[in-house]
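The values are calculated or read from the model by the stated rules, or taken from the named source; none is laboratory data. These numbers were taken from a predicted model, which means no experiment stands behind them. Here Cβ is always computed from backbone atoms with ideal geometry, including for glycine, and neighbour counts include all displayed protein chains. Areas reflect the complete protein model, heavy atoms only, side chains present, ligands, DNA and RNA absent. Shrake-Rupley method; radii C 1.70, N 1.55, O 1.52, S 1.80 Å.
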Amino acid sequence: MSFLEFLSSLFAGLFGPYHPSADASPEVPTVDTKASAPPGWEGEPPYRYLDVSRWQGKITLDGWRKVKAAGYKGVMLKTVSTNKKLSKRADGLYIDPTFETNYRNARAAGLDVGVYYYTYAISRTGADKELALLSEALRGKELTLPVAVDVEDNKLKQLGKQALTDLTAYALARIEAMGFYAQLYTYTSFANSRLYMGGAALKPYDVWLADYTGKAPKVSFKYNAHQHTSKGSVPGISGNVDLNVTTLNYPRIIRKKGLTRLREGA
């Protein structure tokens, strides 16, 4: 017996044999929420979360566990969009190819999950088609973060400000009717120039605002969630990731209101 083997035998006798856990993961850095909160957020550390799509590639279950261990609480997953190359439908609509796996693994890792869809709709007919596919994607799933409509594409600029505001409000109302917590996602300059954010049509709805200026967004309307960078670095995910903060406890609100699942018949 070598000296090393002798020591190993001695320790085994004193403390029992050592068996590394099959689930053990390398240590990951913890997010310092106070130091990294963007301008405009005060008081308690905000709830930090991210959003991902096919652009982040394959994220494994272990990757999602690292996201959780790093201090992030939830994720918004991309669901529906339009892309002729990715779609098998004549209208070009498709469900993000990473959605199902990300939904399953993010929940298994203990993260809150919500979704967003990227709209190209310029009519109620187009919006209805997007929402029908969204409904299909969400059937049987439980969400504890909002369902957001992403209103930012240049194609939408062909609509007048009032027409786009009304169409956006229509989509948000449909999301509510489906049984979910409806949310509008857009960015500062688009919101200020293309939508009547403080008007009667959109005022009832929650806003998730993208603004990467490093300063408090220059807006006159209320927003509850802030996407403050598109170049975040997150353990468990390769490449850049969008990072978000909110001071709302969306999971508590959503569960209390019973807005976690698609309504029967929706």
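Any residue in region 235-253 that's closer than 16 Å to residue 53 by Cβ and surrounded by fewer than 21 Cβ atoms within 10 Å (Cβ to Cβ): show its pairings with residues that are at pLDDT below 95 and among the hydrophobic types (A, V, I, L, M, F, W, C) at Cβ separation under 8 Å, as long as the two are six or more apart or on different chains.
239/55
Would you be able to say whether some residue in region 236-247 is more than 20 Å from residue 77 (Cβ to Cβ), at pLDDT below 95, outside any helix (DSSP H, G or I) and in contact with a Pro (Cβ under 8 Å, 6 or more places away or on another chain)?
Within region 236-247 (the criterion being more than 20 Å from residue 77 (Cβ to Cβ), at pLDDT below 95, outside any helix (DSSP H, G or I) and in contact with a Pro (Cβ under 8 Å, 6 or more places away or on another chain)), the answer is yes, since at least one residue qualifies.
If you go through region 71-92, how many residues are touching a helix residue (DSSP H, G or I) at 6+ places or on another chain (Cβ under 9 Å) and open to solvent by 10 Å² or more (accessible area, probe 1.4 Å)?
Number of matching residues: 7.
How many residues, within region 213-234, are outside any loop (DSSP other than H, G, I, E, B) and surrounded by 12 or more Cβ atoms within 10 Å (Cβ to Cβ)?
7
Take the residues in region 254-266 that are in contact (Cβ under 8 Å) with a residue 24 or more places away in the chain and not in a loop (DSSP other than H, G, I, E, B), then tell me which one is surrounded by the most Cβ atoms within 10 Å (Cβ to Cβ).
254
Just need a number here: residues in region 107-117 that are under 18 Å from residue 250 (Cβ atoms) and surrounded by fewer than 23 Cβ atoms within 10 Å (Cβ to Cβ).
6
Can we say residue 103 is in contact with a Lys or Arg (Cβ under 7 Å, 6 or more places away or on another chain), surrounded by 14 or more Cβ atoms within 10 Å (Cβ to Cβ) and in a loop (DSSP other than H, G, I, E, B)?
When the stated conditions are applied, residue 103 does not pass them.
Tell me the residue from 155, 161, 141 that is within 22 Å of the chain's Cα centre (by Cα) and either among the basic types (Lys, Arg) or modelled with pLDDT under 95 (or both), please.
Among 155, 161, 141, only 141 is within 22 Å of the chain's Cα centre (by Cα) and either among the basic types (Lys, Arg) or modelled with pLDDT under 95 (or both).
For region 135-187, which residues satisfy the criterion of being open to solvent by less than 20 Å² (accessible area, probe 1.4 Å), more than 13 Å from residue 205 (Cα to Cα) and free of Cβ contacts under 8 Å to residues at least 40 places away in the same chain?
150, 156, 164 - these are the residues of region 135-187 that are open to solvent by less than 20 Å² (accessible area, probe 1.4 Å), more than 13 Å from residue 205 (Cα to Cα) and free of Cβ contacts under 8 Å to residues at least 40 places away in the same chain.
Has region 193-212 got any residue that is over 23 Å from residue 166 (Cα atoms), outside any helix (DSSP H, G or I), touching a residue at least 12 places away in the same chain (Cβ under 8 Å) and not basic (Lys, Arg)?
yes
So which residues in region 188-204 are within 26 Å of residue 215 (Cα to Cα) and open to solvent by 10 Å² or more (accessible area, probe 1.4 Å)?
Answer for region 188-204, where residues must be within 26 Å of residue 215 (Cα to Cα) and open to solvent by 10 Å² or more (accessible area, probe 1.4 Å): 188, 189, 192, 193, 194, 196, 197, 198, 199, 203, 204.
Run down 122, 59 and say which single residue is part of a loop (DSSP other than H, G, I, E, B), at pLDDT 95 or above and within 17 Å of the chain's Cα centre (by Cα).
Sole residue among the options that is part of a loop (DSSP other than H, G, I, E, B), at pLDDT 95 or above and within 17 Å of the chain's Cα centre (by Cα): 59.
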